[in-house]
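Peer 1: The structure under discussion is supplied below as structure tokens; questions concerning it will follow.
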Amino acid sequence: MKIRGFEIVSKYQDKNIHLPGRKTACSAGYDLEAAEESVLLPHQVVLVPTGLKVYMQENEYLGIHARSGFSIKNGVSLINGQGIIDADYYDNEENEGHIMIPMINHSEQEVIVSKGMRVAQGIFYTYLTADGDAIGIGSKRAGGMGSTGEV
């Protein structure tokens, strides 16, 4: 039985994508690499593809954080501060659960993100729900990124 981990989305199966890993025994985050080259233009937002999807337990999510070294050296960050990948994002019908990193370039220079560059890290978290919370019981996510806010 799978508990939590990463897989390569089908579109990137033959593109030499590396599964995320932690760099030291005490590292909390799994480094996420860019699946292809992207250009971050000044003051623009770009979705950097990872070629990955993630599976986990129902009461968990993957927090996406920009890598501090990459952010500081290049003047970039995640547009939403921290990304949240819900457990039911995995294998959704729209995009198979492909993790895309929404980056914004705060600098005046374009930033080239090369394939294989470690741009973000994912940290697994558990969460709690309030008493009487029955939202989502029996429902299934159909959409991809941003679909939980749709009515």
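The values are calculated or read from the model by the stated rules, or taken from the named source; none is laboratory data. On a predicted model such as this, the values are computed, not experimentally measured, just so you know. With ideal geometry, Cβ positions are generated from the backbone for all residues, glycine too; neighbour counts draw on all protein chains shown.
Peer 1: Taking interchain pairs and intrachain pairs at least six residues apart, which have beta carbon atoms under 6 angstrom, with the first residue in region 1-19 and at negative phi and touching a residue at least 12 places away in the same chain (Cβ under 8 Å) and the second of a type in the set (A, V, I, L, M, F, W, C) and assigned to a loop (DSSP other than H, G, I, E, B)?
Peer 2: Arg4/Met56; Phe6/Leu19; Ile8/Ile17; Tyr12/Ala35; Ile17/Ala35
Peer 1: I would also like to ask the following. Out of Lys23, Lys11, which single residue is assigned to a loop (DSSP other than H, G, I, E, B) and surrounded by fewer than 20 Cβ atoms within 10 Å (Cβ to Cβ)?
Peer 2: Lys23
Peer 1: Which residues, taken from region 30-66, are at pLDDT 95 or above, closer than 27 Å to Ser10 by Cβ and either acidic (Asp, Glu) or surrounded by fewer than 18 Cβ atoms within 10 Å (Cβ to Cβ) (or both)?
Peer 2: Residues satisfying the conditions are Asp31, Glu33, Glu36, Glu37, Val39, Val45, Leu47, Tyr55, Gln57, Glu60, Gly63.
Peer 1: Shifting gears a bit: Would you tally the residues in region 77-102 being β-branched (Val, Ile, Thr), touching a residue at least 40 places away in the same chain (Cβ under 8 Å) and more than 14 Å from Tyr61 (Cα to Cα)?
Peer 2: Adding up the residues that qualify gives 1.
Peer 1: Now for a different question. Search region 97-151 for residues being on the phi > 0 side of the Ramachandran plot and surrounded by fewer than 16 Cβ atoms within 10 Å (Cβ to Cβ), and hand back the single one that is modelled with the highest pLDDT.
Peer 2: Here the answer is Gly116.
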